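Have a look at the structure below, then the notes.
Values in this text are rule-based calculations from the coordinates and carry no lab data. Worth saying up front: this structure is predicted, and the values here are computed from it rather than measured. Note that we place each Cβ from the backbone using ideal geometry, even for glycine, and neighbour counts take in every protein chain shown.
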Amino acid sequence: MWFSAAIGLLFTGAITGRNQLDLVPVSTLNSLGAQSYNEFISEHKYCSQNNLSDRIKGYKWEFNLVEDPSVNAFFCPAER
């Protein structure tokens, strides 16, 4: 029974062409990503971007540089 339910969650990746299992709906990922992004941005101070965002021109990405002593980078899935 669980196998037939999982079949509906399989899809083929557009770039790789491999089969993938979609356990969490994209709409849920986008919602959680947007919520996490807004929370993080509200808690941190923006820095000047030093033209680093020029490296991602032409892509559907948003780049933000914030003041924080940790060395880290991450992304949040969210259609914005």
### Query
If the chain between Tyr59 and Leu9 were fully stretched, how many nm would it gain, using 0.36 nm times the residue separation less the Cα-Cα distance?
15.2 nm
### Query
With the dipole of the stretch 25-80 worked out from charges on the C-beta (+1 for Lys and Arg, -1 for Asp and Glu) around the Cα centre, which of Ser42, Gly58, Pro69 lies farthest toward the positive end?
Gly58
### Summary
Ranked output for segments 54-65, 30-41, 13-24 by mean other Cβ atoms within 10 Å, highest leading, reads 30-41, 54-65, 13-24
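Let me know the charge dipole size of the stretch 25-80 about its Cα centre in debye, to the nearest 20, where only the beta-carbon of Lys, Arg (+1) and Asp, Glu (-1) is charged. Don't skip to the answer; put the middle values down first.
Values: 5 positive and 7 negative charges, 49 e Å.
Roughly 240 debye, rounded to the nearest 20.
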### Message
With the crude spin-label approximation of a point 7 Å out along Cα→Cβ, what separation in nm comes out for Cys47 versus Val26?
### Response
3.4 nm
